[in-house]
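Derivation of every value follows stated rules applied to the coordinates shown; laboratory data play no part. These numbers come from a predicted model, not from an experiment. Counting neighbours? That spans all protein chains shown, and the Cβs are built from the backbone with ideal geometry, glycine included.
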Amino acid sequence: QVQLVESGGGLVQPGGSLKLSCAASGIGFSRYVMAWYRQAPGKQRELVATITITGITNYADSVKGRFTISRDNPKNTMYLQMNSLKPEDTAVYYCNGRLDLVVSWGQGTQVTVSS
């Protein structure tokens with residue numbers, strides 16, 4: 001099972017950009033379907049984007065055209081490039097990895113979009 005650690009969160013103004021990273025340790029990262037989730041205060045955790053082992057991506061409607069998910073298997077790292085950020089993107093962002101019935105979560109990184 002991989003262990004996941006997110007980084008790259010912070011405070012950004014509306015319209016700005018951030019790039020999140022998810023570093024995986026352990027074996028088998030390239031075989032995991034990876035995803036980013038987020039949870040805003042008082043709301044349920046929601047799926048933001050996924051990327052398969054072959055690099056096929058999928059996005060929530062709310063982030064399409066603004067966010068890009070990617071992975072670098074030799075570096076055991078997944079990314080989320082976030083552009084044109086809005087206040088409603090404010091949330092804790094979580095990295096998720098899934099291999100069959102094995103699911104791993106990171107501890108989360110805070111993203112705050114505010115002027």
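So for the chain: antiparallel DSSP bridges make up what percent, rounded to the nearest 5?
95 percent
For a quick size check, give me the Cα extents of the chain along its three principal axes, largest first, whole Å.
Principal extents (largest minus smallest coordinate, Cα): 41, 25, 22 Å.
Rank-order 60-69, 1-10, 20-29 by packing density, defined as the average count of other C-beta atoms within 10 Å over each peptide's residues, highest first.
20-29, 1-10, 60-69
If packing is taken as the average count of other Cβ atoms within 10 Å, what order do 85-92, 96-103 fall into, highest mean first? Walk me through the numbers before you get to the answer.
Working: 85-92: 16.9, 96-103: 13.8.
Answer by packing, highest mean first, reads 85-92, 96-103.
Could you calculate the FRET efficiency of I56 with K86 from 1/(1 + (r/R0)^6), where r is the beta carbon distance between them and R0 is 35 Å, rounded to 0.05?
Efficiency at R0 = 35 Å is approximately 0.85.
How large is the charge dipole for the chain, taken about the Cα centre, if only the Cβ atoms of Lys, Arg (+1) and Asp, Glu (-1) carry charge, to the nearest 20 debye?
Numbers: 11 positive and 7 negative charges, 16 e Å.
Dipole magnitude for the chain comes out near 80 debye.
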